[in-house]
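One structure is given here, and the rest of the page talks about it.
FYI, it's all coordinate maths here, none of it is from the lab. Only a predicted model underlies this, so the values are computations on that prediction, with no experimental measurement involved. All Cβ positions, glycine included, derive from the backbone under ideal geometry; neighbour counts span all protein chains shown.
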Amino acid sequence: MEYPNLNSQSAALYRRAQQVLPDGNSRTTIALKPYPIYLDEASGAEVIDVDGNRYIDFNNNYTSLLHGHCFEPVRKAVDAQITKATACSFTTEAEIELAELLCDRVESFKKIRFCNSGSEAVMNMLKAARAFTGKPKVAKIEGLYHGSYDFAEVSLKNRPEDREGLVPRSTPYSFGTPNSVLREVIPLPFNESDATETIVQQHADSLACIMIDLMPQTLSMSSPSKEYLATLARLSKQYQILLAFDEVISFRLGFSGGQGMFGLKPDITSLGKIIGGGFPVGAIAGRADIMSVFEPGDGGTARLPHGGTFNGNPITMAAGKAAMSAMDTRKFDQLNAMGDKLRQQVTSTLNDLNIFGQVIGKGSLFAVRFHNRPMDNFTDIVVKEDERVFMEKLRNYLIGNGIWIGGNMAGCLSTATTQDHIDLFCESLSDGIRA
Ligand SMILES: Cc1ncc(COP(=O)(O)O)c(C=O)c1O
């Protein structure tokens with residue numbers, strides 16, 4: 001197969017889709033130029049497109065599939081639930097079961113509230129922080145992606161030059177973002193403790209929370225340093241600002257999520273992706289006193305009313321429970337060991353080719369970069385234009401050779417990934433770089 005092939009079924013479907021869907025789809029993050037590939041079926045670590053081409057999936061629906069596609073326990077749980085009830089204006093035991101499973105695993109999760117996407121989870125986490133503290137502003141790390149909510153999107157497309165001295169500018173991501181939003185979101189410079197402390201001190205009286213992702217995709221899967229995380233924890237305690245972790249992706253790092261791996265205890269956490277077993281999901285979890293903002297108070301109205309027609313829907317709850325129950329600590333260790341193997345083999349591949357490059361990430365998450373800069377500050381992490389162009393060409397080569405990976409050469413493994421898949425990935429990577 002060759003990508004692109006304008007005579008393919010995928011290219012034809014794209015031409016048809018453009019008549020009724022803006023850019024032919026409903027998801028900016030899966031856009032692919034000159035046309036997206038249309039999926040026919042998927043199983044385990046493999047997907048097949050409408051032209052019959054097979055790919056090994058190193059994207060797993062942007063990290064949401066812990067077990068690859070159509071995992072049998074998830075299918076069985078969904079089949080069983082679908083014959084009972086799919087959506088209802090009642091609550092179900094399935095919701096309690098998934099909540100119990102998650103609260104048992106993570107020390108900081110005293111209570112949990114479900115919604116339908118990671119974006120909604122982040123939105124409600126920020127709203128909960130405001131409702132609990134009574135303070136209007138939120139701080140986030142410059143350049144980090146947290147889904148589609150205009151407050152969470154601030155500074156997402158910042159470049160290193162978008163600073164005033166050491167202070168990142170509050171910039172909009174979408175056209176039409178109100179200036180009032182920009183004023184209420186304070187971007188912090190990744191891993192720069194002193195500058196962060198100065199900025200937080202300046203806004204301390206009005207800051208509801210500081211939000212961070214432990215494994216930020218838009219920062220090439222480079223984790224914040226221990227020292228930086230300790231600074232954020234100290235500042236949040238000192239100034240009664242909530243420490244908010246966005247674990248929509250990093251929760252797949254271990255049995256107790258990224259916070260377990262890093263040994264940290266945030267006040268509140270947003271979740272999504274893996275906890276839905278492949279179905280649409282989001283959740284907010286945290287301290288009982290903070291989560292009480294969702295409970296009706298004396299007047300009968302919650303401080304943060306939170307409706308949602310499909311919140312906690314039984315299909316997602318059943319699928320999430322099946323996927324998460326299949327992962328004990330040993331299974332997470334095995335999956336993460338596969339990630340270590342992949343990183344070792346990619347490193348050897350790059351060394352053998354004698355080119356500038358490195359593989360970053362932890363657990364089952366990884367990203368390949370084509371430079372040897374250290375990856376600990378925003379300026380060095382941001383992908384340069386020539387690197388971006390190279391990665392785009394390489395990705396198209398990989399797609400043409402049956403390797404499905406995210407546009408920024410970031411990927412993840414599932415329990416369906418085998419050693420053969422890793423070998424094929426490294427072979428194709430090597431051939432692609434040479435080509
Ligand atoms: C860290 C993080 N937060 C939030 C989101 C938004 O999740 P969703 O796409 O389910 O809305 C994402 C999505 O990739 C994410 O990576």
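Structural remarks
- Amide H contacts of G282 (H built 1.01 Å from N, under 5 Å, at least 5 apart or other chain): C115, N116, S117
- Based on Cα contacts under 8 Å between residues 6+ apart, segment 72-325 shows a relative contact order of 30 percent.
- Antiparallel bridge percentage (DSSP; both residues within segment 72-325; nearest 5): 45
- For segment 135-144, 3J(HN,Hα) per residue [Karplus equation, 6.51 cos²θ - 1.76 cosθ + 1.60, θ = phi - 60°, Hz, x = Gly/Pro]: 9, x, 9, 10, 10, 9, 8, 3, x, 8
- In sequence order, calculated HN-Hα J values of segment 424-435 (Karplus, 6.51, -1.76, 1.60; Hz; x Gly/Pro): 5, 4, 5, 4, 5, 4, 4, 4, x, 5, 4, 5
- Most mobile listed residue (K321, K111, K76) in the chain, GNM with C-alpha springs under 10 Å: K76
- For the chain, built as a Gaussian network whose Cα springs stay under 10 Å, the top-fluctuating residue of I210, I284, I355: I355
- Highest mobility in the GNM of the chain, judged by mean-square fluctuation with C-alpha springs under 10 Å and restricted to D328, D267, D340, is found for D328.
- Taking Lys and Arg as +1 and Asp and Glu as -1, the other residues whose beta-carbon sits under 10 Å from that of Y62 total +2.
- Relative contact order for segment 196-325: 18 percent, from Cα pairs under 8 Å spaced at least 6 residues apart, divided by residue count.
- Over the chain, Cα pairs under 8 Å with separation of 6+ residues give a relative contact order of 22 percent.
- Qualifying chymotrypsin sites (Phe, Trp or Tyr not before Pro) in segment 25-91, where qualification requires a DSSP coil assignment and no more than 13 other C-beta atoms within 10 Å, comprise F90.
- Extended-chain gain in nm, criterion 0.36 nm per residue less alpha-carbon gap, Q202 and D376: 60.2 nm
- Among the GluC sites (Glu not before Pro) in segment 142-234, those placed in a DSSP loop whose Cβ has at most 13 other Cβ atoms within 10 Å are E161.
- Segment 72-325 - Kirkwood radius from inverse mean 1/r over Cα pairs (Å): 18.6
- 222 nm mean residue ellipticity, helices alone, for the chain (DSSP H n ≥ 4; -39,500 (n - 2.57); rounded to 500): -11500 deg cm²/dmol
- Contour excess over end-to-end distance, with Cα ends at K341 and A87 and 0.36 nm allotted per residue: 87.3 nm
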